[in-house]
Amino acid sequence: MPLTRLKGGRIVDPANGVDAVADLCFADGRIVAPPAGAAAREIDCTGMVLMAGGIDLHTHIGGGKVNIARTLLPEDHAPLHLESDIPLRSACGHAATPTLAAGYRYAQMGYTACFEPAMLPTNARQAHLEMGDTPIVDHGAYAMLGSDDFLLRLLAAEAPQAKIDDYVAWTLSATQAMGIKVVNPGGISAFKFNRRAFDLDDAHPHYGVTPRRILQALARAVANLGVPHPLHVHASNLGAAGNLATTLATMAAVEGLPLHLTHIQFHSYGTEGEFKFSSGAAQIAEAVNRLRNVSIDIGQIMFGQTVTCSGDSMAQQRNVGHATPKKTLLMDIECDAGCGVVPFRYRDQSYVNALQWAIGLELFLLVEDPWRIVLTTDHPNGAPFTSYPHLIRLLCDKAFRDEQFARLHPAARSMSLLPSLKREYSLAEIAVVTRAAPARLLGLADRGQLGAGAAADIAAYREQADREAMFAAPAWVFKDGVEVVREGRIQAAPQGATHVVRPEYDRAIERELAGFFGSHMTQAFAGFAIGDEELCEACNHGGRLHVHAWCRRA
């Protein structure tokens, strides 16, 4: 590709410490130092803010539970009318966004990479097929472990950590994953033995192991293997009043190992007040500020209709009575996990929903280090990802935030410290929590930044006081140097890359796994692993495979 120069824009690139008006140049899909003389193409970016392409570290865009949500909600399938200068395949959906709509809409907001946070190993092919069918954006997924029988058997038998490391590494390789996720550690399995609550030190009713032991084993394995992204943890007791105690104990349980706590808003609840439901944001934020090994994403809720879909069947079973509309699905999946899908409408006049909204914003504003926060709504659980521009305005504009707060259920307002928080996010901080921080947490050295040699994933936004309007419609978006959006209109729909990690492991673990598959699983072990050719050609329509090769044993 010939040299392109973006002239005179304000480059906001916190990964490189840059916030200045300057030219930004790229060629052959990579950012280059601005050369002297004219470029083959020059674009006047005066009055625009140039940022790296957005990276969503936690968004449910592929896999079984997302498909179930799509099937369960035909009323969510209204066609999208997307502005485009090229023929687009038909797309639809709002909350349970189908693959095509997800890629197009992310690109139209300036996002260029998205990561599915809960890929069940037995469903990995389907998840990769769906991510491969999601246009424009790079993608990857975290393989779910922690309620699978093979791991629980290893822990019950007190297997050495090296053997657990080998199993985790094999899982990453066989499923072509980018990291490891644990959901309600051991709780999905315990639910099948009729447990309806499962805290950090409760013993599994069959295997006898505790969530604490599961967390320690998996966090140690991820660290030993050199996987860049810390163990991605959906903690116990999601959504339960008083769960902040469990969340604090979970932070301590890993004993200083890297830990990423996901959708932490749903894990930050106390039991104070008339309704026995209160904000634990101050306590959680204090712990995050103190513990440098802990990173978080928020899982902000936004008001309106969505659908909750989670592997945490225990939590979803508790939510069945709140389904809107009144339909739901809970299911078991092989010997690995479960699934629950519950449609939901968040209401600003609901005490609980209003306080959840405030808790998420309190966390954003109280955690001091933006490099350990990622902006998410746990799409679609807290809200569809298309609400990100509105959320950005809430973070950047205290007056607007106060206006929205004034509309809430009065009892919720009385229980929140949000009005006392004066902080407003700068554009540099927005660039951190939507770009630079997720890139760093995932080990994406050439994404989330605009330095020479980085991928030419670039979003150009017209600077406006109304940050919602600004971030909703970038003037230009480039993916690997290809112009994909201009003035809100799709210009091209290239195939994004699949990001994976490849830690080493002792192949002896495969003999034991083959025996386990033969006696317990409905899939044959010989056909379980996804090869590179299959991933690139069949699953990703010829897209590139980006192997992060720095994984190694400690």
Task: Pick from the range 29-44, criterion assigned to a loop (DSSP other than H, G, I, E, B) and either under 16 Å from Val477 (Cα atoms) or touching a strand residue (DSSP E or B) at 6+ places or on another chain (Cβ under 6 Å) (or both), ranking: most open to solvent (accessible area, probe 1.4 Å) - done: Pro34
- [ ] Starting from the range 384-413, take each residue that is β-branched (Val, Ile, Thr) and list its partners that are part of a loop (DSSP other than H, G, I, E, B), counting only C-beta distances under 9 angstrom and pairs at least six apart or across chains.
- [x] Thr386/His94; Thr386/Thr97; Thr386/Met109; Ile392/Leu375; Ile392/Tyr425
Open item on the list: Residues that are within 27 Å of Val294 (Cβ to Cβ): list the strands (runs of 3 or more DSSP E) wholly contained in the range 421-508 that include at least 2 such residues.
Closed with: 498-501
Task: Residue ID - nearest to Asp378 (Cα to Cα), chosen from residues in the range 119-142 that are among the hydrophobic types (A, V, I, L, M, F, W, C) and open to solvent by 10 Å² or more (accessible area, probe 1.4 Å) - done: Leu120
TODO: Report, by residue number, each residue of the range 327-343 that is in a loop (DSSP other than H, G, I, E, B) and more than 20 Å from Thr97 (Cα to Cα).
DONE: Glu334, Cys335, Asp336
Task: Subset of the range 356-368 (residues that are more than 16 Å from Ser278 (Cα to Cα) and touching a strand residue (DSSP E or B) at 6+ places or on another chain (Cβ under 9 Å)) - done: Phe364, Val367
- [ ] Among the residues of the range 311-325, count how many are farther than 24 Å from Ile284 by Cβ and outside any helix (DSSP H, G or I).
- [x] 3
- [ ] Using the structure shown, decide if Thr112 is farther than 17 Å from Arg447 by Cβ and among the polar types (S, T, N, Q).
- [x] no
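Out of all the residues in the range 345-354, which are surrounded by fewer than 24 Cβ atoms within 10 Å (Cβ to Cβ) and either out of contact with any Phe, Trp or Tyr (no Cβ under 7 Å at 6 or more places or on another chain) or not in a strand (DSSP E or B) (or both)?
Going through the range 345-354, the residues surrounded by fewer than 24 Cβ atoms within 10 Å (Cβ to Cβ) turn out to be 345-353.
Within the range 345-354, Arg345, Arg347, Asp348, Gln349, Ser350, Tyr351, Val352, Asn353 qualify.
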- [ ] Go through the range 217-261 and count every residue that is open to solvent by 30 Å² or more (accessible area, probe 1.4 Å), over 22 Å from Ala315 (Cα atoms) and without any contact (Cβ under 8 Å) to a residue 60 or more places away in the chain.
- [x] 5
Task: Those residues of the range 135-171 which are touching a Pro at 6+ places or on another chain (Cβ under 9 Å) and within 30 Å of Ile458 (Cβ to Cβ), in sequence order - done: Pro135, Ile136, Ala141, Tyr142
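Determine if the range 186-194 includes at least one residue that is in contact (Cβ under 8 Å) with a residue 40 or more places away in the chain and open to solvent by 30 Å² or more (accessible area, probe 1.4 Å).
Scanning the range 186-194 turns up at least one residue that is in contact (Cβ under 8 Å) with a residue 40 or more places away in the chain and open to solvent by 30 Å² or more (accessible area, probe 1.4 Å).
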Task: Criterion (touching a residue at least 60 places away in the same chain (Cβ under 8 Å) and touching a Lys or Arg at 6+ places or on another chain (Cβ under 6 Å)) met by exactly one of Ala508, Ala460, Ala455 - done: Ala455
Open item on the list: Can you tell me which condition Asp76 does not meet? The list is (1) touching a residue at least 40 places away in the same chain (Cβ under 8 Å); (2) acidic (Asp, Glu); (3) over 30 Å from Cys339 (Cβ atoms); (4) out of contact with any Leu (no Cβ under 7 Å at 6 or more places or on another chain), and all the others hold.
Closed with: (3)
- [ ] Just need a number here: residues in the range 336-352 that are closer than 17 Å to Thr71 by Cα and of a type in the set (S, T, N, Q).
- [x] 0
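The values are calculated or read from the model by the stated rules, or taken from the named source; none is laboratory data. Since the model is a prediction, treat every value here as computed from it, not as a measurement. Ideal geometry is used to build each Cβ from the backbone, glycine not excepted, and the neighbour counts take in all protein chains shown. In case anyone asks, the SASA skips ligands and DNA or RNA and just uses the protein heavy atoms, side chains included. Shrake-Rupley method; radii C 1.70, N 1.55, O 1.52, S 1.80 Å.
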